[in-house]
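All remarks here apply to the structure that follows.
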Amino acid sequence: MVMYALCKHGPNCQRHQSSKCGFAHRINELSLPHEVFPNRFVDESDVREGRAGIDVWFGQTYTLAQHSRLRLYIEHEEPPFPDWLRMYLWFYGKEKDSPSKYEDFGLMERIRDDLLPKWNRVRQRRPVAVSDLETWNAPFGWQADEYDVPFYKRLIEHCCQVVPYDVLTVKEAIDMSWYRTNTSMHWGADSRRYFDLVPGERYVLIDESKGEVGSGWYWVAHYDSPHVCAWASPSHFERQRYEKKYRRLNPGHMWPSMEEWKSEEWSSHSIAKRFWHTAPDGTDLDKLPKLAVCFSDASVCDRVGFAVSFLCSMPTKEEWSMPCCAHKLYVCGSEAPELTGCILNLYVLKGRPWSWETAILYVDNNKVPLHVGDHTRPAVSPTLPCGWVLYPLIRLAIRLLRELAKENKYVLLQQLNRKYMICDTVAKECMRTARDNNWTHPPGSASMSIVGQKRLKEALDEVSENQKKLERGGFSSRMYKQDWDLWFSARK
Ligand SMILES: [Zn+2]
């Protein structure tokens, strides 16, 4: 069976357990359908009884539903991921976790070998080099990033960029045959490729090996033929004070192939960090009683509107959707939207008190945990006027935490490194789609309306008014300061 879309009910889909579901339940199960029509790339799965689009990514525009289900599967699975997924992660600024052995993430090869033979249409000129994507008549619309730059432009820029490399000269001759026979294969197919060095020869440094085993080796290329690469020991080189520029060189051999990565030798120092189990400080979250793990992130279009995406995963882990909402509002800076995401998760927690005992709330903004506090830290009052502008939202978040504490529910707030934040892609896409559609809620993701949350809506409107007043020079924090002293001040 060819499965080209991920199941929106998640890997534990009930129909899947009785072998009745035709969707993929793991990323690696995805492939292209036997025939590809341009309209197959359009995902209508959020529309009732609509057809799912192709989830294997060629740089096509995803709907919000596709973004959110892909993000959820990524969190659920362990690397290594296929190159098309690494390409997606790179496009959304997470390339550090997702290097690929190809400069173009293997896209041109996939277009040639997978897509074109199945694409049912009149023959056309086939794109060979990445730069051909500019004029290629693709069977889909290109995904754009948060700055509205289409995917193919970013890829061309990435591959055609001229990058300076450090030049190395050889100090002494060395024969590397012993290393060739005695190196383990876990660095990939090129594990045993070494240069025999001759004094006077020049090389350029592409990268260095990292990790517990075999770190500190150079991956170098010949100065005159930069596509010939091999390992070399740093001690035999002298680093020159000048650089040589090439079009980006392929760092691929630095990375093990899928099969090698799966071997036990490699998995012992896997780069994967799975947040369902471990906090960034190493705390074993499984040891906390009935822990709910929440994420939220926001994307702002300054003075026009914002979008928030959030995920509240209860200890029972039955959730399988990442709701998002967009809201047209005069608001500047990121803290107000970030507070909104945090508050939406608190509402979810408050609505299901029987499901959890402790909760950890990950936010992207460092001021939110500071201003709101949690059961381990008291809240800190805003000090600058621009902080007091946000007070209605801060007050709402603190009140929700207090209401939860009265029921012996404890919540930890933590800032999470952007690299690990899972809601950012969906928030960004939700904002872009809403902005382009006059701030109606974009289809394609479980929606949640801010308007339905009366206290939140009022607080946001008040913050918006405050921001306008601040810009006109008419904002005063006096009333808020009195309120703070009355309700939350440590002196009380
Ligand atoms: Zn299913």
(request) Give the shape of segment 285-487 as rounded, prolate or oblate, defined through the alpha-carbon gyration tensor: a ≥ b ≥ c are the square roots of its eigenvalues, a/c under 1.5 means rounded, and otherwise the shape is prolate if a/b is larger than b/c and oblate if not. (result) oblate
(request) For segment 117-171, run through the trypsin sites (Lys or Arg not before Pro) and keep only the ones in DSSP coil with at most 16 other Cβ atoms within 10 Å of their Cβ. (result) 121, 123, 125, 171
(message) I need to check one value: relative contact order of segment 14-147, counting alpha carbon pairs closer than 8 Å and at least 6 residues apart, in percent.
(response) 28
(message) Could you give each residue of segment 64-78 its phi-based ³J(HN,Hα) in whole Hz, using Karplus coefficients 6.51, -1.76, 1.60 with θ = phi - 60°, and x for Gly or Pro?
(response) 4, 4, 5, 4, 6, 5, 5, 4, 5, 5, 4, 5, 7, 10, 9
(request) Quote the relative contact order of segment 162-247 in percent (integer), defining contacts as alpha-carbon pairs under 8 Å separated by 6+ residues. (result) 41
(message) Taking the Cα centroid of segment 56-95 and of segment 1-23, what is the distance between the two, rounded to the nearest whole Å?
(response) 18
(request) Kindly flag which residue pairs out of 328/406; 350/468; 328/350; 287/409; 350/428; 8/287 have an alpha-carbon separation exceeding 28 Å in this structure. (result) 328/406; 350/468; 8/287
(request) Show the residues, 5+ positions off or on another chain, whose built amide H is closer than 5 Å to the amide H of residue 305. (result) 329, 331
(request) Mind listing the long-range amide H neighbours of residue 194? Cut-off is under 5 Å, sequence gap 5 or more, other chains count too, H placed in the peptide plane at 1.01 Å from N. (result) 231
(message) Highest mean first, how do 108-116, 9-17, 338-346 rank when packing is the count of other Cβ atoms within 10 Å averaged over residues?
(response) 338-346, 108-116, 9-17
(request) Using a cut-off of 9 Å between beta-carbons, work out the net charge of the residues near residue 308 (Lys and Arg +1, Asp and Glu -1, residue 308 not included). (result) -2
(request) Go through 196-206, 474-484 and give me the packing order, highest mean Cβ count within 10 Å leading. (result) 196-206, 474-484
(message) Could you give each residue of segment 162-174 its phi-based ³J(HN,Hα) in whole Hz, using Karplus coefficients 6.51, -1.76, 1.60 with θ = phi - 60°, and x for Gly or Pro?
(response) 9, 10, x, 10, 5, 9, 10, 10, 7, 7, 9, 6, 8
(message) What is the sum of charges, Lys and Arg at +1 and Asp and Glu at -1, for the other residues whose Cβ falls under 10 Å from the Cβ of residue 332?
(response) -1
(request) List every residue whose amide H lies under 5 Å from the amide H of residue 411, counting only residues 5 or more places away in sequence or on a different chain, with H placed 1.01 Å from N in the peptide plane. (result) 359, 375
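Laboratory data are not the source of any read-out in this text; all were calculated from the coordinates shown. What you are looking at is a predicted structure, and each value in this text was computed from that prediction instead of being measured. Here the Cβ is made from the backbone with ideal geometry for all residues, glycine too, and neighbour counts use every protein chain on show.
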